[in-house]
Amino acid sequence: MSLKESAIIDQVSQSCRMLGLLDITHAALGHVSHRIEGRDAMYIKGKGPGEVGLRYTTHEDVLVVDFDANKLEGPDYLQPPSESFLHIWMYKTRPEVQSVIHMHPKYAVLLTICQKPIIPIYNAFGSGVQLAIDGIPTYPRSCTIASDELGKEFAEAMGEKQVCLMKGHGMTAVGRTVVDSTLNTLALVELTEMMYQAYLLGDPTPILPEEIEAIKAARADTRPRTRGSSGGDAGKLALWRYYSSLAEERAVKSEMQRPRR
Ligand SMILES: [Zn+2]
């Protein structure tokens, strides 16, 4: 295995730990994957009889799984997730996608159950607003994406978006890197938690139309920023480091309960 491949597996397991320790998904459920360059295969967190929860994921919990959802490499006590097909169809239909994440964040699921629209309700508060501006599709089925037919149908419902909600089930995020897909997941969680609470308080209203246009323009501007780091690739890496450090602090506390195989 090359150093680059090893670094990608480390990032996949780090993203799992981070999202698990931040309680983004309920129980032990959810998975992170990354496309394997030049092969119809991916690295993905394993499940099955010996699985550990997301927050305990290490290098050895990440399997090599082909695009027919067969395990090619990995320990005997782990199997490909039944929802491998969700990841596979993202990679099959979207060449730009390098990483996929599927989770079950509670407030996002509650909004789909009550069919509450998601709108741009904040601006400088956080990056979730960009997802709201782009529009977030909702896949209408609540079942696990455990076949080629469902994977294909889900990919069509998600289209070219960075995130997609799944009614009564969860969400999926994609990205050009594990950092991208992880931050897209965290941005959607931030947005849906804010939307949920805003609906509890009253009738959420969108930010001003000219502010929405300004956000779009800022995103299209790829020049390096000279003040602050809240945008662009530098800002993304800063956010990744922040969440990574936060997760590590919690990891120390949870180490005592680490399960044994
Ligand atoms: Zn699921």
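Values quoted throughout were computed directly from the atomic coordinates according to the rules given, and no laboratory measurement underlies them. Since the model is a prediction, treat every value here as computed from it, not as a measurement. Because the Cβ atoms are built from the backbone with ideal geometry, glycine has one as well, and the counts that use them run over all protein chains shown.
Which whole-number percent is the relative contact order of the stretch 143-250 (Cα, under 8 Å, 6+ apart)? List each step's numbers first, then the result.
Details: 50 pairs, mean separation 17.1, N = 108.
Reported as a whole number, the value is 16 percent.
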Among DSSP bridges having both ends in the chain, what percentage is antiparallel? Round to the nearest 5. 90 percent
Expressed in angstrom and rounded, the centroid-to-centroid distance over alpha carbons for the stretch 105-129 and the stretch 196-251 is 14 Å
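If you rank Cys16, Cys143, Cys164, Cys114 by fewest surrounding Cβ atoms within 10 Å, what's the result?
Details: Cys16 28, Cys143 12, Cys164 23, Cys114 8.
Fewest-to-most ranking of Cys16, Cys143, Cys164, Cys114: Cys114, Cys143, Cys164, Cys16.
With an 8 Å cut-off on Cα pairs and a minimum separation of 6 or more residues, tell me the relative contact order of the chain in percent.
On the way: 452 pairs, mean separation 49.6, N = 261.
After rounding, I find 19 percent.
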So, by mean Cβ neighbours within 10 angstrom, what's the order for 128-137, 240-249 with the highest one leading? 128-137, 240-249
If unit charges are put on Cβ atoms (+1 for Lys and Arg, -1 for Asp and Glu) and the dipole of the chain is taken about its Cα centre, the option from Gly126, Ile207, Pro49 lying farthest towards the positive end turns out to be Gly126
Could you work out which residue, out of Lys167, Lys152, Lys216, moves most in a Gaussian network model of the chain, that is, has the largest mean-square fluctuation with Cα springs under 10 Å? Lys216
From the square roots a ≥ b ≥ c of the eigenvalues of the alpha-carbon gyration tensor of the stretch 128-224, which class results: rounded (a/c under 1.5), prolate (a/b over b/c), or oblate? oblate
Rounded, prolate or oblate: which one fits the stretch 3-252, using the alpha carbon gyration tensor with axes a ≥ b ≥ c (rounded when a/c is under 1.5, else prolate when a/b beats b/c, else oblate)? prolate
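Around Gly74, what is the net charge, scoring Lys/Arg as +1 and Asp/Glu as -1 over all other residues with Cβ under 9 Å from its Cβ? Walk me through the numbers on the way to the answer.
Numbers: positive: Lys71; negative: Glu60, Asp61, Glu73, Asp76.
For residues surrounding Gly74, the net value is -3.
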